[in-house]
Amino acid sequence: MPAALLIGVVVVLVAVVVVIIGVRMPQSQDPIQERLSELMVSEESMTLEELELSQDFAQRIIVPFFNRIGQLAQRFTPQATLESAKKRLEMAGNPMQMNPAFFLMLRFVFAFLFGTGLFLVFARTGRNFLQGIGISLLFMLIGFAFPNLWLTGRIRGRQKSIFRAMPDALDLLTISVEAGLGFDAAMAKVHEKWENDLSLELGRVIQEIRLGKLRRDALRDMAERLGVNEMTSFVAAVIQSEQLGVSMAKVLRIQSDQMRVRRRQMAEEEAHKAPIKMVFPIALLIFPSILIILLGPAAMLLLSSPLGGILGSGG
């Protein structure tokens, strides 16, 4: 019973951390902008203290605490590691609005929870000490790699979402430009009509242009943040058409057609991969069940027959 209780405590601790991450994950907009919007919409004037208290517990206590620890750990972290973590967070859309030091510190927190919790279980149950240390070290490695695996999944999911949204976004850009809007106004129209990762990135590009950044630099930065090859090709085509004076509507139309062909090819590729992916579930799950259903009654009849008695006596 004590071992089961200790395992439950460890699971609860890990679940609390995962829940905190899940609560912060859906947040894709800037929290400062959201708080300013709440302040502007509110009819009554709010003090700074009331505005801070309007946030949830994770935003007020947990995240600032980990950010503070991350700032202390940042002094001992190589700059190249911080830059790599920052780039990966930007590619994932920074779902938790965390800095690179916070993410690196989170990996050590998971390693400590996984490894220490399992070691305490082995120490409590009185099993082999060396075996407990080995398994605890293994789970420490798993805990250390878990945030990185989670971030990789977020990056791939975001890239896939952007890739699927690109043809429709390019169609709207083409229609807007052909209707007489400028390219910046067309991007603003896409940002206004949709609520997805691509529209948010286009909105960020528009804000950067309004703050004085050149359009080509803002577009290049967006392509680098997303890490989608099709977006990089699109940005290169737009910049080249701007420099050479080619019709923007014609370039957008060509890019839209190419994106639809590319998306169709990707769908066909996934369809061809489906039979191969179905082999393992069929062989491991479906076939054994079918064999049990089909051969089970025959086996029971065989055991109850005289031949079954002969086989049983012979064994």
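Counting other beta carbons within 10 Å of each Cβ, put THR232, THR81 in order, fewest first. Show your work: numbers first, answer last.
Working: THR232 16, THR81 13.
If I rank by nearby Cβ atoms, fewest first, I get THR81, THR232.
With the contact rule set at Cα under 8 Å and sequence spacing of 6 or more, what percent relative contact order holds for the range 76-184?
Numbers: 76 pairs, mean separation 30.2, N = 109.
Computed value for the range 76-184: 28 percent relative contact order.
Pulled fully out, how much extra length does the chain show between ARG204 and ILE254, if you take 0.36 nm times their separation in residues and subtract their Cα-Cα distance?
Details: separation 50, 0.36 × 50 = 18.00 nm, distance 2.47 nm.
So the extension gain works out to 15.5 nm.
P(r) of the range 79-226 in 10 Å steps, Cα pairs, percent per bin?
11, 28, 24, 16, 11, 7, 3, 0
For the residue pair ARG262 and ARG220, what label-to-label distance in nm results when each label sits 7 Å from Cα along the Cα-to-beta-carbon direction?
Simple spin-label model gives 1.9 nm for this pair.
Is there a pair in LYS193/LYS277; LYS193/LYS213; LYS86/LYS160; LYS189/LYS277 whose C-alpha atoms are over 32 Å apart, and which pairs would that be?
On the way: LYS193/LYS277 37 Å; LYS193/LYS213 24 Å; LYS86/LYS160 20 Å; LYS189/LYS277 40 Å.
Those over the limit are LYS193/LYS277; LYS189/LYS277.
Under a point spin-label approximation (7 Å from Cα along Cα-to-Cβ), what is the ALA145-VAL246 distance to one decimal in nm?
Placing both labels 7 Å beyond Cα along the Cβ direction yields 4.4 nm.
Spin-label point model (7 Å from Cα, Cβ direction): what's the GLU90 to LEU303 distance in nm?
That separation, rounded to one decimal, is 6.6 nm.
State the three equivalent ellipsoid semi-axes of the range 183-315, derived from the C-alpha gyration tensor as the square roots of 5 times its eigenvalues, in descending order and whole Å. Present the calculation step by step, with values, prior to reporting the outcome.
Values: eigenvalues 828, 49, 28 Å².
Taking √(5λ) for each eigenvalue gives 64, 16, 12 Å, largest first.
Each value in this text was obtained by applying a stated rule to the coordinates, not by laboratory testing. All figures in this text were calculated on a predicted structure; none of them were measured in a lab. Heads up, the Cβs are rebuilt from the backbone with ideal geometry, glycines too, and the neighbour counts pull from every protein chain shown.
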